[in-house]
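Input: a single structure, listed below in structure tokens.
Where a number appears in this text, it was derived from the coordinates with a stated rule and is not lab data. Given the structure is predicted, the values throughout are model-derived calculations rather than measurements. Note that each Cβ is placed from the backbone with ideal geometry, even for glycine, and that neighbours are counted across all protein chains shown.
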Amino acid sequence: MTQQHAPYPYAQPQRARFKGLAIAALVLGIVGVVGSIIPILNNVTALAALVGLVLGVIALFGTKKVMAGIGAGLCVLAIVVTIAMQALFLRELDKALGTSVPENGQVETTGEPARLGFGEAHKWSTGEVFSISQPRPHTPSNEFLQAPEGKRFVEFDVTIRNEGDQGYNVVVSSLTVQHNGHVAQQNYFAGDPFPSAQVPPGGDVTFTSVFEIGSEPGELQISVQPTPFAKDTAYFVGQV
């Protein structure tokens, strides 16, 4: 006679701990980053990011650690950008109110767009000096992060020297790239995709950016502004 065994008990599925907190941290982080560049509104979104950071840290002890980590990271980024943008806004406001009529009676006019070659430098009236190195090929070490067919990656160094009388944070700089008249997409898995560094007067810093461009040779144009409020734009142009 065959002996029947009682069925083995099934293991209860593990409950997702702090899943809601991880989702909330991610959402608040995204809201914080989006709102961080908008003056006045970023006061509210910074508070949301601060709350999200607390929730994200708590959620790190749960089952959704990756989501919680991303959410907490976005919240930190949102707070940093907000602080930098508010400092910049107050700086520009102070200049507008305090230096609208210089001692010589002349009002500063908007400069013409500067067109430079790679390796040259451009200085803004506020003291920021930018230069772009000659672009060079970039080959990802990860085989799964290679450029798609018909595309390639190039990298270049952005060097900033602060010749002004106040500190400058590179997070507020603006940089766009075009190749053969087409918008180039930044590679956020290489280089320094989110540079953030405080540069004191007389100091300098360099970061690397990587962009995806077409495989055919052509003109590469990199536009630079030290802040969203800059009166002129520098264009670094060359064949790549």
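Multiplying the residue separation of residue 38 and residue 63 by 0.36 nm and removing their Cα-Cα distance gives an extension gain of 5.6 nm. Equivalent ellipsoid of the stretch 19-98: semi-axes from √(5λ) of the C-alpha gyration tensor, largest first, are 30, 9, 7 Å. The stretch 17-57 and the stretch 63-91 have Cα centres lying 8 Å from one another.
Taking a point 7 Å out from the Cα of residue 86 in the direction of its Cβ, the residues of the stretch 149-186 whose backbone N falls within less than 18 Å of it are 167-172.
In a simple Cβ point-charge model (Lys, Arg +1; Asp, Glu -1; nothing else charged), the stretch 114-239 has a dipole of about 160 debye relative to its Cα centre. Each of 153, 171, 189 was scored by the projection of its Cα onto the charge dipole of the stretch 114-239, and the greatest displacement toward the positive side belongs to 171; charges sit on the C-beta of Lys, Arg, Asp and Glu.
Within the straight-line cut-off of under 30 Å between alpha carbons, the lysines reachable from residue 231 are 95, 123, sequence neighbours fewer than 8 places apart in one chain being disregarded. The packing ranking, built from the mean of other Cβ atoms within 10 Å per residue, places the peptides 150-157, 50-57 in the order 50-57, 150-157, highest first.
Placing a pseudo-label 7 Å from each Cα along the Cα-to-Cβ vector at residue 166 and residue 121 gives an inter-label distance of 2.2 nm.
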